[in-house]
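Notes follow the structure.
The values are calculated or read from the model by the stated rules, or taken from the named source; none is laboratory data. Given the structure is predicted, the values throughout are model-derived calculations rather than measurements. Here the Cβ positions follow ideal geometry from the backbone for every residue, glycine too, while neighbour counts run over all protein chains shown. In case anyone asks, the SASA skips ligands and DNA or RNA and just uses the protein heavy atoms, side chains included. Shrake-Rupley method; radii C 1.70, N 1.55, O 1.52, S 1.80 Å.
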Amino acid sequence: MSDVAFIDDDDLLRAANVQALMLADLTVTGYGSALAALEEIGADFPGVVVSDVRMPGIDGLELFRRLRRVDPDLPVILITGHGDIAMAVDAMREGAYDFLAKPYANDRLLTSVRHALDRRRLVLENRDLKRSVEAASEDMPLLGTTPVMARMRQMLRQIADADVDVLVEGETGSGKEVVANALHRWSRRAARPFVAVNCGALPENVIESELFGYEAGAFTGALKKRVGRIEHANGGTLFLDEIEAMSPALQVKLLRVLEAREIAPLGTNDTRRVDIRVVAASKVDLPALVRQGAFREDLYYRLHVAGVRIPALRERRADVPLLFGHFLARAAERFNRPPPELDAAVRKHLAEHDWPGNVRELVHYAERVALGLVDDLTADVGADLGAPGGLTDGTLPERVDRFEAGEIRAALEANQGDIQATVAALGIPRKTFYDKLRRHGIDQSAYRPTRQTAR
């Protein structure tokens, strides 16, 4: 396809301009009339239209208006005589990209065309991105068109209704809970509860009572009976995230639950049958922990009836634009803003960044783009790379503190000051979170959205 469609009924002028553009390494198609051009230029034309205004039959202005009906985002550059400048200005108010008054220098034409081509390229890429997101099935929580994602979705479909326990392995932010939720929704247990427990976020003296529940009077402060998470998941799915953080004593009790499918709440010797499917997740190499004696070998194999490995985002870079488009549309809707057009800087970041935080990091980046905070992000990255006050300036404890404070602020901003969501995103206990807020002097209320007064 051509980069430029050049339309002029003057054969000599058309040939001269086509040659000048071709010398600048552009692909050009010349047309002697507007009608000939209209027959070939459609909504997916990837380039720019340059047209003389004064032509017999359909003139340049009428051509522009007809092309607007075909595609309102198609850049049209009009060439005018001095007497037609006012007319060309009016056309620009209607949406024409630019106009050139005769006589004009070739450099002026080339500059306008190149800028218009950049704009057209962004428009078409954004359209492709939107179409890809819309084409993705609503029943596909793990978006991606790469072969590795297609294989993983197929595997999840195969084991979803097999009712076996599953071990999900993947880096931080790769979407382990999304996988667990998909297994639940695609199984016969979908109508029953999906109960998620982050083993790494609960203190050791709390997690046992959270999982198994307790009877009234089981310990000081146990004023009434509490149903544990395992029992609450009866008939459904129990998702245990960061299973590697579970203490050895609790690992023994969990193994008993998996083997007997029964629990004994704290404060009673009575056992209760539970019908649960367990999906456990780990962000570390569990076999290595087994070899080190830090994780029970029998529990590992009991959980690993079926194993799912989620690829890191850097392993499926081709999925980044699709995922980003989905998250950007969702963020724009959440913030009640129109989705912004993606500029070259954003696209460069999407293509070149390694995404160590995986999908979670991409979600936060999409939210920042939706809020117009990309410049702020660039500044943060600059600081990280050694700007004054950045991560390489000062003592190691000072650098660690600055990094930690920055991560907390970014998480608060991404979650609009919602404490529960921020704590979950950071993966730390609530008490630890509040201690860090005090230490770094961070006011979480400053990140909550300001309510507009009703008029």
Check: Nearest 0.05, what FRET efficiency do Val252 and Ala351 give at R0 = 35 Å with Cβ-Cβ as r?
Finding: 0.15
Check: Taking the Cβ of Asp25 as the center, what net charge do the other residues with Cβ under 11 Å away carry, scoring Lys and Arg +1 and Asp and Glu -1?
Finding: 0
Check: Simple spin-label model, 7 Å along Cα-to-Cβ: Arg114 to Ala421 in nm?
Finding: 4.3 nm
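May I ask you to rank Lys225, Lys283 by accessible area, largest first, using a 1.4 Å probe over the protein chains only? Could you put the intermediate results ahead of the total?
Numbers: Lys225 110, Lys283 85 Å².
Descending accessible area places them as Lys225, Lys283.
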Notebook entry, point to check: To the nearest 10 degrees, how steep is helix 147-160 against the longest Cα principal axis of the chain, on a 0 to 90 scale?
Noted result: 40 degrees
Note to self: Between the stretch 274-290 and the stretch 190-207, how far is it from one alpha carbon centroid to the other, in angstrom?
What the structure shows: 13 Å
Margin query: Run lengths n ≥ 4 of DSSP H only: what is the helix-derived mean residue ellipticity at 222 nm for the chain, with -39500 (n - 2.57) per run over all residues, to the nearest 500?
Written below: -15000 deg cm²/dmol
Checklist line | Kirkwood Rh, Cα atoms: Rg over Rh of the chain | finding: 1.13
Item checked: Set of aspartates and glutamates near Lys224 by C-alpha distance (under 16 Å), chain-local residues within fewer than 8 positions excluded -> Glu210, Glu215
Next item on the list: Sticking with the crude label model, points 7 Å out along Cα→Cβ, report the distance from Ala43 to Val290 in nm, one decimal please.
Entry: 5.5 nm
Next item on the list: Take the stretch 36-101, compute every pairwise Cα distance, and split them into 5 Å bins from 0; I just need the percent in each bin.
Entry: 4, 19, 33, 25, 14, 4, 1
Notebook entry, point to check: Gain in length, Ser33 to Thr172, computed as 0.36 nm per residue apart minus the alpha-carbon separation, to one decimal in nm?
Noted result: 44.1 nm
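Using 1/(1 + (r/R0)^6) with R0 = 56 angstrom and r between the beta carbons of Asp165 and Leu373, what's the FRET efficiency to the nearest 0.05? Write out the running numbers ahead of the final one.
Working: r = 42 Å, r/R0 = 0.74.
Here the calculated transfer efficiency is 0.85.
Of all the C-alpha pairs in the stretch 255-373, what % are more than 23 Å from each other?
Values: 3897 of 7021 pairs.
Result: 56 percent of Cα pairs exceed 23 Å.
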Margin query: Run the reach check for Lys348 against aspartates and glutamates, Cα to Cα strictly under 18 Å, same-chain hits fewer than 8 apart removed. What comes back?
Written below: Asp118, Glu125, Asp128, Glu315, Asp319, Glu361, Glu367, Asp375, Asp376, Asp380
Next item on the list: Please list the radius of gyration and Dmax for the stretch 144-224, considering alpha-carbon atoms only, with Å as the unit.
Entry: 17.1, 55
Check: Using the beta-carbon distance between Ala16 and Arg337 and R0 = 41 Å, what value does 1/(1 + (r/R0)^6) give for FRET efficiency, to the nearest 0.05?
Finding: 0.30
